[in-house]
Amino acid sequence: MGNIFKLGTRYSKPLDATYLDESARSSSFTWAPTGFGPARAAAAAVEQFADENGISWPKAMAPFDLELVVLGNPGSEERAFADGLYRELQMTGLATLYDDRNAGPGEKFADAELLGCPLRLTVGRRTLAENQVEVQIRRGREQRTVPIEGAAEAVVEIWRGLD
């Protein structure tokens, strides 16, 4: 997964970086540094955890802890609730991506799968009528619901329990 840069004496000679060999002769270092950076770590995580729907980030590496998807137009009850839930989630310290685009549910869900946040919350007319927020754990795609009352705290507990 890492890489090796075969640089030879490209830098040691100009810097006069030398060592004494067994015969007490001065020789320039041959330099071959290795690297494992963020890009390689991300690529390894994607390869390890992606599925047929997209990335499934490990909790420790996810750019966002969760994604909140609202299925409601501006001015709707769903949007108003989701806006408030978004503010509550931000106060918990969870990095929340809020998908409030004017797009259809299929597009929003497909994009959420591709982005691979550990949790996806969905607020829509049906779930709100049932006083619930839908929660999907990205890895394994397990579905749950939490009551709208105390939803942010319930989501924090679910997030803490993730691998």
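Could you give each residue of the range 22-30 its phi-based ³J(HN,Hα) in whole Hz, using Karplus coefficients 6.51, -1.76, 1.60 with θ = phi - 60°, and x for Gly or Pro?
My calculation for the range 22-30 gives 4, 8, 6, 8, 7, 9, 7, 5, 9 Hz in order.
Counting only protein heavy atoms and using a 1.4 Å probe, what share of the accessible area of the range 1-63 belongs to carbon plus sulfur, as a whole percent?
56
How tilted is helix 38-49 with respect to the longest principal axis of the chain? Cα atoms for both, answer in degrees (0 to 90, nearest 10).
Tilt relative to the chain: about 50 degrees.
Helix 77-92 sits at what angle to the longest principal axis of the chain, using alpha carbons and giving 0 to 90 degrees rounded to 10?
With rounding to tens, the tilt is 40 degrees.
What number comes out for the charge environment of Thr96, summing +1 per Lys or Arg and -1 per Asp or Glu over other residues with Cβ under 13 Å away?
-4
Near Lys108, which lysines are there with a Cα under 23 Å away, not counting those fewer than 8 places off in the same chain?
Here the lysines satisfying the reach criterion relative to Lys108 are Lys59.
When ligands, DNA and RNA are left out and all protein chains stay put, how many square angstrom of accessible area per residue does the range 1-127 have with a 1.4 Å probe?
On a per-residue basis, the range 1-127 sits at 61 Å².
Per the 1.4 Å probe, what fraction of the accessible area of the range 108-160, in percent, lies on carbon and sulfur atoms?
Carbon and sulfur atoms account for 52 percent of the accessible area of the range 108-160.
Counting only helical runs of four or more DSSP H residues, what would the 222 nm mean residue ellipticity of the chain come to if each run contributes -39,500 (n - 2.57) and the total is spread over all its residues?
Value at 222 nm, helices only, nearest 500: -10500 deg cm²/dmol.
I'd like the accessible area for Tyr11: 1.4 Å probe, protein heavy atoms, all chains in place, Å² to the nearest 10.
100
If every alpha-carbon in the range 103-163 counts as one equal scatterer, what log10 I(q)/I(0) does Debye give at q = 0.14, 0.22, 0.26 1/Å?
-0.39, -0.93, -1.17
Average the reciprocal distances over every distinct pair of alpha-carbons in the chain, invert the result, and give the Kirkwood radius in Å.
18.8
The values are calculated or read from the model by the stated rules, or taken from the named source; none is laboratory data. What you are looking at is a predicted structure, and each value in this text was computed from that prediction instead of being measured. Glycine gets a Cβ as well: all are built from the backbone with ideal geometry, and neighbour counts include every protein chain shown. Ligands, DNA and RNA are stripped out before the accessible areas are found, and what is left, the full protein with its side chains, is counted by its heavy atoms. Shrake-Rupley method; radii C 1.70, N 1.55, O 1.52, S 1.80 Å.
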